[in-house]
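Notes for the one structure printed next.
The values are calculated or read from the model by the stated rules, or taken from the named source; none is laboratory data. Everything numeric here is computed off the predicted structure, so don't read it as measured data. Reconstructed Cβ throughout: ideal geometry from the backbone, glycine too, with neighbour counts over all protein chains shown.
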Amino acid sequence: MFKVKDLFKKYPFSWSQLQYIFSSLFSEDIFRLYLENRYIDDSIVRRLNYVASLYSEGVPLEYILGKASFYGLSLRVNRSVLIPRPETEIMVEKVIDYLRNMSLSQFTVLDLGTGSGNISLALAEMASAEALIISSDISFSALEVAKENFAHYSCNNIYPLCANMFSAFKEKVFDIIVTNPPYVESTYLKKAPFLRHEPLLALQAGEDGLDFIRKIISQAGVFLKKKGRLFMEIGYNQAERVKKELECSHKLRLVETFFDYTGKERIIVAERIN
């Protein structure tokens, strides 16, 4: 056995990661253990060794622990779904701001490519208006994860649906379409080993990364109500190309863009023209 203060010498984890591990696996407050100068039990050491071995192989901590944090929510995740990113929290925040400014009493949202259901849940939990949220994904295994998360938070206004893009929907039914589509270039994936554990279906989007973005821009306007809005996350280097795609759209017009924490345009907002 060894003491909590020696964890940093033995394992490749930061303080925040150790907090996350101890609260997730052992329901323990590592601050309290540290202040009490406690010893680490052998049973905990064995589990820490297992976590560290997977982590050293490049497996993200979220997949090892089976959970991830997003917008204050604790979500179940596995390799069927992407690990939620901070950029997506920015997009959710902008959707919520828009809904509050519009003072809508009711709204209908399509969360296209829901994955773990993180966007749907954040909107359902934070939006003040009455919401009907359709959470669609082409991946049945991803939807199973999303359903678990919806059930955990007892959300009865989110409807998961297995569907390919817009194939299951009627025209002019959504106030908002929000999406974090696949947008990673196939060439980039080959030199990004840190992504190899995440689902290829949710990442790869052709040679230039715009395969799904083009489809969304060409089709989304049909399914939005008049003045309905599309909120879409894009790659850090794609803003100008996406804007050009929108210029060619007969149904959508660019409204504004938002930046990520590094100053890159990452969120595109477009509105149905007529």
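Residues that are more than 18 Å from residue 95 (Cβ to Cβ) and in contact with a Gly (Cβ under 7 Å, 6 or more places away or on another chain) within region 203-258 comprise 209, 235, 238, 249, 251, listed in sequence order.
Selection of region 43-53 for residues being in contact (Cβ under 8 Å) with a residue 40 or more places away in the chain and farther than 24 Å from residue 69 by Cβ yields only 45.
For region 212-229, state whether one or more residues are in a loop (DSSP other than H, G, I, E, B), closer than 21 Å to residue 142 by Cβ and touching a residue at least 40 places away in the same chain (Cβ under 8 Å).
If we filter region 212-229 for residues that are in a loop (DSSP other than H, G, I, E, B), which is where we start, we get none.
No, region 212-229 contains no residue that is in a loop (DSSP other than H, G, I, E, B), closer than 21 Å to residue 142 by Cβ and touching a residue at least 40 places away in the same chain (Cβ under 8 Å).
Residue count for region 100-120 satisfying the condition of being crowded, with 21+ Cβ neighbours inside 10 Å and without any contact (Cβ under 8 Å) to a residue 60 or more places away in the chain: 5. Note on region 156-166: among residues that are more than 20 Å from residue 66 (Cβ to Cβ) and of a type outside the set (A, V, I, L, M), the one that is surrounded by the most Cβ atoms within 10 Å (Cβ to Cβ) is 166. Does residue 64 satisfy the condition of being within 22 Å of residue 142 (Cβ to Cβ) and assigned to a loop (DSSP other than H, G, I, E, B)? It is false that residue 64 is within 22 Å of residue 142 (Cβ to Cβ) and assigned to a loop (DSSP other than H, G, I, E, B). The single condition among (1) part of a helix (DSSP H, G or I); (2) at pLDDT 95 or above that residue 75 does not meet is (1). If you go through region 113-168 and pick out every residue that is of a type outside the set (Asp, Glu) and assigned to a helix (DSSP H, G or I), you end up with 19. Only one of 30, 40, 90, 21 is touching a residue at least 24 places away in the same chain (Cβ under 8 Å), assigned by TED's automatic domain parsing to the domain that holds residue 197, surrounded by 13 or more Cβ atoms within 10 Å (Cβ to Cβ) and hydrophobic (A, V, I, L, M, F, W, C); which? After ruling out the rest, the residue left standing is 90.
When you look at residue 150, is it of a type outside the set (Lys, Arg) and closer than 23 Å to residue 106 by Cβ, yes or no?
In short, yes.
Selection of region 230-274 for residues being more than 26 Å from residue 172 (Cβ to Cβ), among the acidic types (Asp, Glu) and outside any loop (DSSP other than H, G, I, E, B) yields 240, 265. Determine, yes or no, whether residue 58 is more than 24 Å from residue 159 (Cα to Cα) and assigned to a loop (DSSP other than H, G, I, E, B). Spelling it out, residue 58 is indeed more than 24 Å from residue 159 (Cα to Cα) and assigned to a loop (DSSP other than H, G, I, E, B). For region 169-202, filtering for residues that are in contact with a Pro (Cβ under 9 Å, 6 or more places away or on another chain) and in a strand (DSSP E or B) leaves 0. Applying the condition of being crowded, with 18+ Cβ neighbours inside 10 Å and more than 30 Å from residue 102 (Cα to Cα) to region 167-194 and asking which residue is farthest from the chain's Cα centre (by Cα) yields 185.
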